[in-house]
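Before any comments, here is the structure.
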Amino acid sequence: MHPDYLQISLERGVPALIVWLILLGIYGRMLWRLRRTMPRENWIERGILFGALGGLIGFMSSGVVHYNWGDSEVVMIFYLIMGLSLVVESQFRIVS
């Protein structure tokens, strides 16, 4: 199978697909909210957030026709950007 959604549901079941979609939905919502509240002076942090949001949108949209989780390079970069954005979020929460 090629699409992410079909592959995950066939390998791990529909409940795992639902949990995976909820997890990435929460992550996307966090990025979207943080993008609106981040001050313009923090341009590096804003760049990380915009890059993470664009990466999430690209990762999810390419997952419609391609199995992204099978490409270890793509997944490791996605995890790296996800980790960077979570660090930005936690630092912004501490400062605010």
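Worth pointing out:
- Residues in region 87-96 that are at pLDDT 90 or above and either under 10 Å from the mean Cα position of the chain (by Cα) or open to solvent by less than 50 Å² (accessible area, probe 1.4 Å) (or both): 88, 89, 90.
- Total residues in region 20-41, condition free of Cβ contacts under 8 Å to residues at least 40 places away in the same chain and surrounded by 13 or more Cβ atoms within 10 Å (Cβ to Cβ): 5
The values are calculated or read from the model by the stated rules, or taken from the named source; none is laboratory data. Given the structure is predicted, the values throughout are model-derived calculations rather than measurements. As a convention, Cβ positions derive from the backbone with ideal geometry for all residues, glycine included, and neighbour counts pool all protein chains shown. What goes into the accessible areas is simple: the full protein's heavy atoms, side chains included, and nothing from ligands, DNA or RNA. Shrake-Rupley method; radii C 1.70, N 1.55, O 1.52, S 1.80 Å.
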